[in-house]
1. Only helices (runs of 4 or more DSSP H) wholly contained in segment 320-408 count here; list those with 3 or more residues that are at pLDDT 90 or above and more than 20 Å from the chain's Cα centre (by Cα).
2. Take the residues in segment 194-231 that are modelled with pLDDT of 80 or more and among the polar types (S, T, N, Q), then tell me which one is surrounded by the fewest Cβ atoms within 10 Å (Cβ to Cβ).
3. Taking Gly86 as the residue in question, decide whether it is without any contact (Cβ under 8 Å) to a residue 40 or more places away in the chain and open to solvent by 10 Å² or more (accessible area, probe 1.4 Å).
4. Are there any pairs with C-beta distances below 6 angstrom linking a residue in segment 354-372 that is open to solvent by 10 Å² or more (accessible area, probe 1.4 Å) to a residue that is among the charged types (D, E, K, R), with the two at least 6 apart or on different chains, and if so which?
5. Quick one: Val243 ticks every box in (1) outside any helix (DSSP H, G or I); (2) at pLDDT 85 or above; (3) among the hydrophobic types (A, V, I, L, M, F, W, C); (4) open to solvent by less than 40 Å² (accessible area, probe 1.4 Å) except a single one, so which number is it?
6. Which condition breaks for Gly251 when tested against (1) in a helix (DSSP H, G or I); (2) at pLDDT below 90; (3) of a type outside the set (Phe, Trp, Tyr)?
7. Is it the case that Val337 is free of Cβ contacts under 8 Å to residues at least 24 places away in the same chain and of a type in the set (A, V, I, L, M, F, W, C)?
8. Mind checking which residues of segment 91-118 are touching a Phe, Trp or Tyr at 6+ places or on another chain (Cβ under 7 Å) and in a helix (DSSP H, G or I)?
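The values are calculated or read from the model by the stated rules, or taken from the named source; none is laboratory data. What you are looking at is a predicted structure, and each value in this text was computed from that prediction instead of being measured. Neighbour counts run over all protein chains shown; Cβ positions are idealised from the backbone, glycine included. Side chains are part of the model used for accessible areas, which takes the heavy atoms of the whole protein and leaves out ligands, DNA and RNA. Shrake-Rupley method; radii C 1.70, N 1.55, O 1.52, S 1.80 Å.
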Amino acid sequence: MHSKGDARRETPLGRVHGVALYVGSVLGSGILLLPALVAERAGPASLLAWGLMSVAILPLALTMALLAARYPGGGGVAAFARKAFGPAAGAATGWLFLLATPIGGPLAAWIGAAYATAAFGLPPNAAVGLTAAILLVAFIANLLGFKGAGGLQVAVVGGIAAILLLALLAALPHLDPRQFTPFAPHGWIGVGQAMALTFWCFVGWEAVTHLSGGFRNPRRDLVPAVLWAAAIIGVLYLGTALVTVGTGSYGPGKTEAGLVQVAQVALGPAAGWLIGIVALFCATATVNAYAGAAAHLARALAESNAAPRILARSFARRDVPIGGLLALLAGWAVVFVLLVADPEAIRRLIALPTANYLALYLLGAAAGIRLAERRAERGLAAAALATCALVFPFLGWSGLYPASIVASVFAARRWLGPSARHRHRPPAAAFRR
């Protein structure tokens, strides 16, 4: 059995790895659809939404990095919430993440498949088969174990970042100034709603907290890594939004493949194929990573009596949480059927996991205030809490989804009584620190 020091020598992650991991966690399939979808909601003023969110997200990203540096090897936001507010808050936070993945997984797969379909010139119904294939590959990969999934995801997203930068630079000469007027056709309410949508593209800061124990010096490396990553991500998102608006690559019949159209304008037809291939790999890596995280979290919640015991079932030989994977597959199947029946449902469904992640960050920021050791750290956490609180009302009815999850967890604990609460123990997989 290796000690914590031995584990760190075996996986000596440094600052460059941290930048890559943060970029890989945050920069996902949302960049394929969201710039065009947000432009639909706010017009050219969507650029303002992207810029504001890129800055507003910094206190949240820094709060997550500071907590991870202080408690390396922890269980993410659920562990922070548990340490700050107790087991019930930790369980509720865990369920927020767990119930976002059955929706977010098929959406990420559908976005990648839709892009590939448009880029390859396939019939529209080909997206159905490609979506199913992405989900199946992710499920099988996690059945076999996903030891190399993190490295694969970083490599794939690094490739997509390079291709995006090439496409953005090539598209700049094709910008049409007429596309930027009127600047705010839907008013400031549209900008607020656009900011709520952009939050989907800035989730993932919590993912590296699960890997913080593998850094040589998390206190030294994580904060600079998150600052570099935030700058890279902000440039890519804002640049993509700029060329999407400037080339008019959004609106009816365009939004679903806006980035493909931008690339084709800049680099010709072959660029669409390239982005289609990268989109498939990006979606597969994203779904694979979050599937594994959700399945292991489901097992951890079950082991701590915060979820049905069936979710604790595992293939011990490979440490595969089969109970969580099968439950996740069932959730994927339901959302997949909804998307097949009504592809436009993606515009409504995407708000649900976004709302969950926003609620997750609200709890994480509140935990940051409670656990802060310095006034500056408390100020960052308070700014993060204020940002999330300001964005949350713009989610509209979708905000009831995380609220109902938190209420259900607390109600279940109250209904089960003191004996069930006393049986609660922090599972090693989720709350080790």
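1. Here the list reads 322-341, 351-371, 375-391.
2. Only one residue tops the list, namely Asn217.
3. Spelling it out, Gly86 is indeed without any contact (Cβ under 8 Å) to a residue 40 or more places away in the chain and open to solvent by 10 Å² or more (accessible area, probe 1.4 Å).
4. Pairs found: Ile369/Arg378; Ala372/Arg378.
5. The one condition Val243 does not meet is (1).
6. (1)
7. Numbers: free of Cβ contacts under 8 Å to residues at least 24 places away in the same chain: yes; of a type in the set (A, V, I, L, M, F, W, C): yes.
It is true that Val337 is free of Cβ contacts under 8 Å to residues at least 24 places away in the same chain and of a type in the set (A, V, I, L, M, F, W, C).
8. Ala92, Thr101, Pro102, Gly104, Gly105, Pro106
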